[in-house]
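Shown next, in structure tokens, is the structure this report addresses.
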Amino acid sequence: MTTAPPRRLRSLLAALATAAALVLALFAAPPAGAAEPVRDPGSSRVLVNKDHPLSPAKYTPSLVSWKGTGHRMRSDVRSKLSGLFTGAANAGHSVAVVSAYRSYTQQRDLYNYYVQTYGRAYADRISARPGYSEHQTGLAVDVGLASGSCGLAACFGDTAAGKWVAANAYKYGFIVRYPKGQEATTGYTYEPWHLRYVGVSLAAEMRSKKIPTMEHYYVLGKPSVRSYADVLAADTAGELWRYPGGAGRLHARVRIDTAYGGVRTGTTVDWNRDGTIDLLLQMKDGRLLVNYGKAGGGFQAPRQVGSGFARFDITAGDWRSADRYPGLVAKRWSDGSLFYYRNGSGAGLSAGKVFSRGWGAYRPTLLDWNQDGRQDIVAVRRTGELYVYPGNGTGALSTAASARQQIGGSGWDKVSSLTPLYGYAAAGSTGFMAKFKDGALRYYPYAAGRFGTRSQEGSGFTGYNVFR
């Protein structure tokens, strides 16, 4: 992750971000609340879709049967569904349950059948992969006409009963989960028969605010990377995950993008200073790409801003305080030279200039260690020590004889990356996350050039590329 902006820019950036938020609020209905997508499979508000699998993948809820049939669901769902059916009957409509809970194994077999029958591309539009299905939560129910016509078909939405269900389901805590016209958002074709229980209060809120899908409720309208307290990690499949930070711990991860398999390392940075966090990506082939974040969520297509970085260690930030945009500090492997690449337009890099030599045994990371508003270089030495080299704010290192300080003893050679974090422990806090070669994540808070007490934050990250 990148470093925080200099102090004199922070107030300006905060004001710009506030103004941008106000403008967005005027022209677009904001998502309900600011909560992260719910990952607890036992919650009626859990988000399960193509990007948010169940955890654990083979989760099994407590279930009850539906009125003497083989269909099963959660008890609260059965209670509310009974009320829905009674309301429909009072309005002159006869509906029935067509499908409800499906286990991981049942969903696997159904999905594989669709793949064999229709091909994977179409199967993905009509069926969920095992571990990614709402039916596995016990909260989803497929309904249809009691006569059996229009069963699991779009024509159900055109029947009098289907129209009544769509108009009244919210009163009982249900939503039509895959509405017409929302395939680009949900990933699934229109399914007027697929009801999802979310609870009466949430269903009513979505109805009153005209929020069409759970994806809109939780995700859209918010940046994909929300703060410099978050940790980003790409797995071996190239999926990019965000681990929200705050209150001194990592929260449940959220998948925010795919196709990151060719990335060697990445940095979160507002590269064009528009108030939205971007991704600066160093590719394995040496290209430098920027994924500009969208204010409405997600990223633009990657844009190349440099090349020839295959044999460099890079770190980004405000190394030269006078520059409008953050730049790039890069260590060349062949001779240990440190270069500064100026980002003059928020889109590309100027030619690099050497500002220091002799860094062959070090891996540099930019952060403001002594918190004087100027960026410093914290470097892990190959022999295991950790040093800080203060910057002078002009794109060079301090020339003071006592400038270099050893801030960590042996063992830092076991660290594969350092990720500066801001606001991770509490508002205004500073620190960095160290990813160790054994897959452990440890957080090291610091303030005014002194370490606080480190803490173990995670494990099992051996195969992950943690962004810095």
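The values are calculated or read from the model by the stated rules, or taken from the named source; none is laboratory data. Given the structure is predicted, the values throughout are model-derived calculations rather than measurements. Reconstructed Cβ throughout: ideal geometry from the backbone, glycine too, with neighbour counts over all protein chains shown. Quick note on the areas: whole protein, heavy atoms, side chains included, nothing else; ligands and nucleic acids left out. Shrake-Rupley method; radii C 1.70, N 1.55, O 1.52, S 1.80 Å.
Pairs over the 26 Å Cα-Cα cut-off, from the set 331/414; 294/435; 50/435: 294/435; 50/435. Let me know the whole percent of all Cα-Cα pairs from the stretch 55-103 that are separated by more than 17 Å. Pairs farther apart than 17 Å: 41 percent. Taking all protein chains as shown and a probe of 1.4 angstrom, residue 40 keeps an accessible surface of around 90 Å².
Across the stretch 88-104, coupling constants 3J(HN,Hα) worked out from phi with the 6.51/-1.76/1.60 Karplus curve, θ = phi - 60°, read 5, 4, 5, 8, x, 10, 10, 10, 9, 7, 9, 7, 9, 5, 10, 6, 3 Hz, and Gly and Pro carry x. Note on the stretch 49-134: semi-axes of the ellipsoid equivalent to its C-alpha gyration tensor, largest first and rounded to whole Å, are 28, 17, 11. Across the stretch 143-152, coupling constants 3J(HN,Hα) worked out from phi with the 6.51/-1.76/1.60 Karplus curve, θ = phi - 60°, read 10, x, 5, 4, 5, x, 6, 6, x, 6 Hz, and Gly and Pro carry x. For the stretch 57-63, 3J(HN,Hα) computed residue by residue from phi via the Karplus equation (6.51, -1.76, 1.60; θ = phi - 60°) reads 4, 9, 3, 10, x, 7, 10 Hz, glycine and proline entered as x. The stretch 205-270 and the stretch 389-468 have Cα centres spaced 23 Å apart.
When N counts the residues of the stretch 259-346, how does its alpha-carbon radius of gyration compare numerically with 2.2 N^0.38 Å, as a ratio?
That ratio works out to 1.06.
For the stretch 318-468, the pair-distance distribution built from all alpha carbon pairs, in bins 5 Å wide starting at 0, is 2, 9, 17, 21, 22, 16, 10, 3, 0 percent. In units of the rule-of-thumb radius 2.2 N^0.38 Å, the chain shows an alpha carbon radius of gyration of 1.14.
At the listed q of 0.22, 0.26 Å⁻¹, the Debye profile of the stretch 161-248, built from one uniform point per Cα, gives log10 I(q)/I(0) equal to -1.03, -1.23. Scanning residues 5 or more positions from residue 306 or on other chains, those with amide H under 5 Å from its amide H are 288, with H placed 1.01 Å from N in the peptide plane. With the helix formula -39500 (n - 2.57) applied to DSSP H stretches of n ≥ 4, the chain reaches a computed 222 nm mean residue ellipticity of -5500 deg cm²/dmol.
Treating each Cα of the stretch 108-208 as an identical point scatterer and summing with the Debye formula, the log10 of I(q)/I(0) at q = 0.11 Å⁻¹ comes to -0.35. Could you run the Debye sum over the Cα atoms of the stretch 361-422, one equal point scatterer each and no solvent, and tell me log10 of I(q)/I(0) at q = 0.14, 0.22, 0.28 Å⁻¹, two decimals? Log-scaled intensity ratios, in q order: -0.38, -0.89, -1.24. Counting every alpha-carbon pair across the stretch 86-151, the share separated by more than 20 Å comes to 42%. Close amide H partners of residue 299, meaning residues 5 or more places away or on another chain with modelled amide H under 5 Å apart, are 294.
Peptides 327-336, 442-451, ordered by how many other C-beta atoms sit within 10 Å of their residues on average, highest first, read 327-336, 442-451.
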